[in-house]
1. Taking the Cβ of F101 as the centre, find all other residues whose Cβ is under 12 Å away and add up their charges (Lys, Arg: +1; Asp, Glu: -1).
2. At 0.36 nm per residue, and after removing the present C-alpha to C-alpha distance, how many nm does the segment from F251 to A150 gain when stretched out fully?
3. At 1.567 mPa s and 4 °C, plugging the Kirkwood radius over alpha-carbon pairs of the range 162-271 into Stokes-Einstein gives what diffusion coefficient in µm²/s?
4. How would the range 161-211 be classified by its alpha-carbon gyration tensor: rounded, prolate or oblate, with rounded meaning a/c under 1.5 and the a/b versus b/c comparison settling the rest?
5. Between H184 and D242, what is the label-to-label distance in nm when each label sits 7 Å out along the Cα-to-Cβ direction?
6. So for the range 162-271, averaging the separation of alpha carbon pairs under 8 Å that are six or more residues apart and normalising by length, what relative contact order in percent results?
7. Binning every alpha carbon pair distance of the range 100-146 at 10 Å from zero, what are the percents per bin?
8. Rg over Rh of the range 98-240, using C-alpha atoms and the Kirkwood radius, what does it come to?
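Laboratory data are not the source of any read-out in this text; all were calculated from the coordinates shown. A quick note: this is a predicted structure, and the numbers were derived from the prediction, not measured. Methodologically, a virtual Cβ is constructed for each residue, glycine included, from the backbone with ideal geometry; neighbour enumeration extends over all protein chains shown.
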Amino acid sequence: MKRLLPILFITSIVLTACGQTPSLWGTYSTPTAESAMFIPSLPPTVALPASVTPTLVPPDTATFTLTPTSIPFVTSTPLPTQSTPNVSGTALLPTFDVPTFLYYSQSGDTLPAVAARFNVSLSDVRSNIDFPQTALINPGTLLIIPKRIADPTTPNIQLIPDSELIFSTTAVKFDTAGYISQAHGNLSSYREYLGSTGWTTGVDDIKRAAIENSIDPRLLLGVLEYESHWVRGRPVDALHTDYPMGYQNQFTKGLFLQLQWAVNQLSTGYYG
């Protein structure tokens, strides 16, 4: 009986090994002759004779050799002696056969205004950059203009700082009434009738124009004195009696309306 048990144990192990155990990945089919035809065959391995020693052939040197070539040096195109305006009215390299003004545009400048100021045609105003033909030109744009004005001109510089044009802190302590009274000019005794305020003095006209339009009253007095001597003296002629700022128009007669016109001119130049 003791011999029978080992024999049965060994027999059971052999039978278990001969059985099929399912795979974790499923059952694989046995390759057949039909399926073998779809397996690509590998090329046969070529064996080198024992007498042949493999050697490395160097690559073609001509293929990897860089042939030096001369690189041309890029130079700028020679400047022409005369250039013509492009479609936008400007020239890339503006030159003239006559003396020119080098004018830097200021706030409020337009091409028609600049051309009229320098007594030239619109096509004569040129620049090295494009600029609008009818709209405002950016301040600081270099404009090259032929010199065709015989009269002396002032330099292209800022005449007064911004703080002296607007009603800034520098003008707060200015005694407008006291200054006009001490000047003893035509302005100190001037009166006019306005529909909004009735009878108004020259002092009131200056104060109102300065405060309502944020303009330095000292600037208004300076321009008024320069144009007609109203502040320290008397009008220079009959024209400046009715039009103190020198702008003759029936709709701007009288000191107050003349001041309003002058304020508009100053504001256009300052604010553009």
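1. In short, +3.
2. 33.0 nm
3. Translational D for this selection: 93 µm²/s.
4. oblate
5. Distance between label points: 3.1 nm.
6. Relative contact order of the range 162-271: 24 percent.
7. All Cα pairs considered, the percentages come to 30, 67, 4.
8. 1.10
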